[in-house]
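Heads up, the thing below is written out as structure tokens.
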Amino acid sequence: MGLAHLPLDRTDQFPPIECARQDLNGLLAIGGDLSPQRLVGAYTRGIFPWFSKGEPIAWYAPAPRMVLFPGQFAATRSLAKRRRNSGLIVGCDRAFLPVIHACSTMPRNGQNGTWITREMMVAYCRMHRLGYAHSVEVWQGRTLVGGLYGLYFGRMFFGESMFSHVPDASKLALWALSEALEPAVGAVIDCQLHTEHLQSLGARLIDRSEFDRQRRTALAQPAPWPADALRDFSAKRF
């Protein structure tokens, strides 16, 4: 089956996600742009861009899909101890550009370079200014030492990337996000593709029909971005 090539003048046009090439990690289409309209249309359909510098924009809809349901984060004893005693502080949306830049420079096993190109940074910073993209940050004093970023629609957070400059910082960011979203019944954190690291934190694979059901439910019941709950995470004690 050939891949669809998206026209530049139709930001709402995507092929059905059932056409995604699962032998190619869910590759669905090539082309188009990273305008806010196209990104909103993509993510709300369960589609995301993923490509390297010098390559055309590629769009993916993998199945099965890796998700983390709020309240199911698997916190180890050592991570809980770090939360209590490390002095690390969790916040959000104070340093979106530094977070995405740190994610772009983080070495990753089995990968040469990064998919977070300058073009991607510009696009997601625009989405942040529009209120769609958010960052969860971990601070050590005034130094940013970890975090993650993604897009939030309805009650669904579409995670993009995370980083740590000190042990467990990105785990704390994901734990904080999971805890902050837990009161929003039906909330989901989309982790996109399977990794052993995400699985160890409580994320799991679900099939396409289940992912689509969760996505539609979450998008149909909007809940505010839980900024206050994220800021409260560091102050809570067990």
Exercise. Are any of the residues in the stretch 164-176 modelled with pLDDT of 95 or more, farther than 19 Å from Thr76 by Cα and either in a helix (DSSP H, G or I) or under 14 Å from the mean Cα position of the chain (by Cα) (or both)?
Worked result: no
Problem set entry | Ser52 being among the hydroxyl-bearing types (Ser, Thr, Tyr), over 19 Å from Tyr152 (Cβ atoms) and touching a residue at least 60 places away in the same chain (Cβ under 8 Å) | yes
For this session: Take the stretch 34-66 and flag every residue that is in a helix (DSSP H, G or I) and among the basic types (Lys, Arg).
Result: Arg38
For this session: Out of Leu205, Leu201, Leu151, report the one residue that is surrounded by 18 or more Cβ atoms within 10 Å (Cβ to Cβ), farther than 23 Å from Asn85 by Cβ and touching a residue at least 40 places away in the same chain (Cβ under 8 Å).
Result: Leu151
Seminar exercise, completed: Matching residues in the stretch 178-218 (in a helix (DSSP H, G or I) and over 15 Å from Gly71 (Cα atoms)) number 13
Exercise. Taking the stretch 61-74 as the region of interest, how many residues are buried (at least 17 other Cβ atoms within 10 Å of the Cβ) and over 13 Å from Cys191 (Cβ atoms)?
Worked result: 2
Exercise. Just checking, which of Gly147, Gly141, Gly110 is at pLDDT 95 or above and either among the acidic types (Asp, Glu) or at positive phi (or both)?
Worked result: Gly147
Exercise. What number of residues within the stretch 50-85 satisfy the criterion of being more than 30 Å from His5 (Cβ to Cβ), modelled with pLDDT of 95 or more and of a type in the set (A, V, I, L, M, F, W, C)?
Worked result: 4
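The values are calculated or read from the model by the stated rules, or taken from the named source; none is laboratory data. None of the values given here were measured: they were computed from a predicted structure. FYI the Cβ positions are ideal-geometry reconstructions off the backbone, even for glycines, and counts take in every protein chain you see.
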